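First the structure, in the form of structure tokens, and then the observations on it.
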Amino acid sequence: MPERLDHITVALNGGDVTITWNTRQALLRRLQHVQETARLRAAFDAVGASRSVELTSGQRSALQQALENWSRDEAYEQIPEELTLLRAALADDLNDTGER
């Protein structure tokens with residue numbers, strides 16, 4: 001796989017967060033089971049690996065909630081550490097903007 005496809009960047013107000021392509025794929029698999037995340041999945045699909053994923057405040061909130069739910073779901077595969085870091089960054093981002 002070309003180096004540029006090894007990771008993606010999620011743009012947040014507090015700084016960008018980079019996750020591996022494999023972690024992105026795991027995230028999208030998890031999000032496909034949540035109907036409310038269709039626009040969020042589209043945002044990740046639209047940029048591929050060439051640009052940062054830029055999310056609206058609503059998408060950031062939905063992603064943070066989905067990651068929070070995943071971290072508590074014992075019936076599903078364990079949340080990757082990169083997504084735990086993204087979840088924390090999203091929480092900080094939402095708290096800083098008062099959107100939580």
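Each reported figure results from applying straightforward, stated rules to the coordinates on display, with no laboratory input. As the structure is a computational prediction, the values presented were derived from the model and not from experiment. With ideal geometry, Cβ positions are generated from the backbone for all residues, glycine too; neighbour counts draw on all protein chains shown.
In table form, for the structure just shown:
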{"item": "Zero-based 10 Å bins, Cα pair distances in the chain, whole percents", "result": "16, 53, 29, 2"}
{"item": "Furthest towards positive pole of dipole, ALA62, GLN32, LEU85, structure part the chain, Cβ charges", "result": "GLN32"}
{"item": "P(r), alpha carbons of the range 24-69 - 10 Å bins starting at zero, rounded %", "result": "28, 62, 10"}
{"item": "Dipole magnitude of the chain, debye to nearest 20 (Cβ charges: Lys/Arg +1, Asp/Glu -1, about Cα centre)", "result": "320"}
{"item": "Amide H contacts of HIS7 (H built 1.01 Å from N, under 5 Å, at least 5 apart or other chain)", "result": "TRP21"}
